[in-house]
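The values are calculated or read from the model by the stated rules, or taken from the named source; none is laboratory data. All figures in this text were calculated on a predicted structure; none of them were measured in a lab. Positions of Cβ are generated from backbone atoms using ideal geometry, with glycine treated the same way; all protein chains shown enter the neighbour counts.
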Amino acid sequence: MRIGVISDTHLTSLNEVVKSVTEIHFADVDIVVHAGDIVDAAILDVFGGRNVYAVCGNMDLTSVRRTCPQKLVLEIDWCRIGVIHGWGAPFDIEEKLIKEFNHIDCLIYGHTHRAANHERGDVLYFNPGSPTDGAFNDQRTVGILEIKENKSIKGQIIELP
C-alpha cells in the first residue's frame, strides 16, 4: 500500500505545483492523505478518483472545517495511522500531537511546513512539509508512506524543484 501525503497547501485555487505532485509523485499511490491547511476543499479534486482522507487545519475556510475532521485514525491492513494538522508553536509539537491518539503505528501531521520522517519508540512520526511554501523551510516537499505486509511502515520525503 502506497500513500501520498501532503499538507499545508494553503491554496484557494489549483496551481501547477500541486498538479505536478499528483501527476508525477502520486501517480501510483493507492490513497492520498492531506494533513490540513488545505484552505479551499476544491483543491482536493486534483487527486481524481483516488480515495482522499483529509483533516482541517488552523488556516482552513469554514467550508473545509465543516467537511473535514480535526483528526482521524486510518486503519490500513495491520497499521493504525493517526492524522492531525497541529497547532501553536512548532516546538515539542510531536509530544502534543501524540497525546491525541491511542495505540497508533504512525502519526501524520502538518502545521510546521517542515518535513519529518523518524521513529520514536514504535511510532513513525511523519510530516510531509509543504509543497507550496518556502518561507518557513528552504525546501518544498511532499511524502510517500509505504505499508508492507511484514508489518513495517516506511516514509519517504520528496523534495520538489
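Here are a few things to note about the model shown:
- Scanning segment 36-80 for residues that are within 14 Å of residue 11 (Cα to Cα) and among the hydrophobic types (A, V, I, L, M, F, W, C) returns 38, 39, 41, 42, 43, 44, 46, 56, 59, 61, 64.
- Annotation: of all residues in segment 105-123 being in a strand (DSSP E or B) and within 13 Å of the chain's Cα centre (by Cα), the one that is farthest from residue 6 (Cα to Cα) is 106.
- Flag for residue 90 being surrounded by fewer than 16 Cβ atoms within 10 Å (Cβ to Cβ) and not hydroxyl-bearing (Ser, Thr, Tyr): yes
- Those residues of segment 62-84 which are buried (at least 19 other Cβ atoms within 10 Å of the Cβ) and part of a strand (DSSP E or B), in sequence order: 79, 81, 82, 83, 84
- Only one of the listed residues (110, 129, 86, 143) is in contact with a helix residue (DSSP H, G or I) (Cβ under 7 Å, 6 or more places away or on another chain), at pLDDT 95 or above and among the small types (Gly, Ala, Ser). That residue is 86.
- Every residue from segment 124-161 that is more than 14 Å from residue 85 (Cβ to Cβ), assigned to a strand (DSSP E or B) and polar (S, T, N, Q): 141, 152, 156
- Qualifying positions in segment 124-157 - more than 13 Å from residue 3 (Cα to Cα), buried (at least 19 other Cβ atoms within 10 Å of the Cβ) and of a type in the set (A, V, I, L, M): 124
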